[in-house]
Amino acid sequence: MDLSSLRERETTPPLSVTELNEYIKALVESDPRLARVTVRGEISNFVRHTSGHLYFSLKDEEGQVRAVMFRSAASHLLFRPADGMKVILFGSVSVYPKGGSYQIYVNAMQPDGVGALYLTYEQLKEKLAKEGLFDEEHKRPIPKMPRNLGVITSPTGAAIRDIIHITARRFPATKIYLYPALVQGEGAVPSLLTALDFFEKSRLCDTVIIGRGGGSIEDLWAFNSEALARKIYSMTVPVISAVGHEIDFTICDFVADLRAPTPSAAAEIAVPDRKELLLTLDRTAERLDAALLSFVGRKRERLDALTARRPFTDPASVLAPFSEKVENYRSRADAAARMSMEKARATLTLLAGKAEALSPMATLTRGYCLPEKEGKTISSVREIRPGETLSLLFADGTATAEIKETERAKR
């Protein structure tokens, strides 16, 4: 035994377990390479704690390492991690002193192999489908002939130009109300939510089109927002989704009341074609004419059958028993009519006399005349001026007079 090595050990103070772990932690955290690591592997032993923290192991064919992702970082994930999922982690390596083990503290994580956006899209689609947000029973019917059509899109994009052009061509009676909105980027989702909220509260439009032209999955990503999907689901105003091209599908398409493959197609769905309406009206008018002719024909046949019966062919024989009674009624009616006529004639004569007494023409026959200026009757000297010409209406004709002088009556 080497006594000198024993003496050296005796002079070196022993470390506690905690001190040892803290020392190793300091060494690890002082390594700049371990301060920012990117690690690829497969998730196992995944646990989502009630606090929102994520605990799991990352493994490959020959080893594994423990990892933790705190709630603040986990809340920004675009997908739901699960056992067996291959991922790429971004974070730092440190030692957990209480357990004496090192682990990766994850700041960010993305799927390995499948794009994070696509995976998020599929997971959200599955989640909302299970909740029933895509069920047909919740779809609102699209009005056939909307008076006002709301459009939520970029004011400078091709989508709004196509919608305006097609609506004007198909059914110009419909008014279009554009709510300018961001359709991509960080502010797009709040902008779209605000626009939907406006049309829901204002009740301005019968139908709302929300959409944009084509683009990459990143460009269209705002229309895959869970918040936007739930807002569309809660709307009472029917919503048509028109995002991208025919091959593009977003969450917005599934939750909307109707999906249009393009903004142009949305306009064609939202408003009818007036030419087709006119053609339908013509056909309906033809059917009504035919139905009316058929109806009249049947009634005429019925009328012919009735007029062929005895009361129409020999009415005298049918009415003979009632002749005396009818004659009696006729005599009484004639007497009553004559009496009524005499009373009416007397009343009319009395009223005519009163009307004649009140008639302006009767006044004119007594030597008066009625002055008029420009078709209006003059009732005061204040209404005329020297030099003006008046028309004088007499009982038997008219005369023209020129005003030389006016003088107001002294009272």
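Rule-based calculations on the coordinates, nothing more; no lab input. The model shown is predicted, which means the values in this text are computed figures rather than measured ones. Cβ sites come from the backbone with ideal geometry, for glycine too, and all protein chains shown count toward neighbours.
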Highest GNM mean-square fluctuation, the chain, Cα pairs closer than 10 Å: which of Lys231, Lys59, Lys343? Lys343
Whichever aspartates and glutamates have a C-alpha closer than 17 Å to that of Lys373, once near sequence neighbours (fewer than 8 apart) are set aside: Glu383, Glu388, Glu402, Glu405
For the stretch 240-249, 3J(HN,Hα) per residue [Karplus equation, 6.51 cos²θ - 1.76 cosθ + 1.60, θ = phi - 60°, Hz, x = Gly/Pro]: 10, 9, 9, 10, x, 9, 4, 7, 8, 10
May I ask you to derive the FRET efficiency for Ala401 and Thr363 from their Cβ-Cβ distance with R0 = 30 Å, giving the value to the nearest 0.05? 0.95
Nearest 20 debye, what's the magnitude of the dipole of the stretch 286-337 about its Cα centre given +1 on Lys and Arg Cβ and -1 on Asp and Glu Cβ? 180 debye
Here, the stretch 291-378 modelled as identical Cα point scatterers in vacuum has Debye log10 I(q)/I(0) at q = 0.15, 0.17, 0.21 Å⁻¹ of -0.85, -0.94, -1.01
In Å, the Kirkwood hydrodynamic radius from C-alpha pairs for the stretch 199-260 sits at 11.8 Å
Zone of Lys144's modelled label, taken as backbone nitrogen in the stretch 255-274 under 17 Å from a point 7 Å along Cα→Cβ: 269-274
Let me spell out the model: positive unit charges on the Cβ of Lys and Arg, negative unit charges on the Cβ of Asp and Glu, origin at the Cα centre of the chain. What dipole size does that give, in debye rounded to 20? 2600 debye
Difference of contour (0.36 nm per residue) and Cα-Cα distance, Asp83 to Val65: 5.0 nm
Would any residue of the stretch 293-310 have its amide N under 15 Å from a label point 7 Å out along Cα→Cβ of Val318? List them or say none. 303-310
Can you pick out the pairs among Lys98/Lys125; Lys354/Lys376; Lys98/Lys130; Lys144/Lys299 whose Cα atoms lie more than 30 Å from each other? Lys98/Lys125; Lys98/Lys130; Lys144/Lys299
Using a/c under 1.5 as the rounded threshold, could you call the stretch 1-153 rounded, prolate or oblate? The axes a ≥ b ≥ c are square roots of the C-alpha gyration tensor eigenvalues, and prolate needs a/b larger than b/c, oblate otherwise. prolate
List the GluC sites (Glu not before Pro) within the stretch 30-68 that fall in a DSSP loop (any state other than H, G, I, E or B) and whose Cβ has at most 16 other Cβ atoms within 10 Å. Glu61, Glu62
Using only the alpha-carbon atoms, what does the chain span along each of its principal axes? Please give whole angstrom values in decreasing order. 163, 88, 38
Arrange the following residues from fewest to most other Cβ atoms within 10 Å of their Cβ: Glu29, Glu126. Glu126, Glu29
For the pair Thr18/Ala35, report the inter-label distance in nm, with labels modelled 7 Å from Cα in the Cβ direction. 2.7 nm
For Tyr177, list long-range residues whose amide hydrogen, built 1.01 Å from N in the peptide plane, is under 5 Å from its own amide hydrogen. Leu149, Gly150, Val151
Quick check: residue separation of Glu388 and Ala290 times 0.36 nm, minus the Cα distance between them. What number comes out in nm? 28.3 nm
Mind checking which helices in the chain clear 24 Å along their axis (Cα) and have mean Kyte-Doolittle hydropathy of -1.0 or more, DSSP H runs only? 274-307, 323-358
The chain: most fluctuating residue of Pro263, Pro190, Pro386 per GNM, C-alpha cutoff 10 Å: Pro386
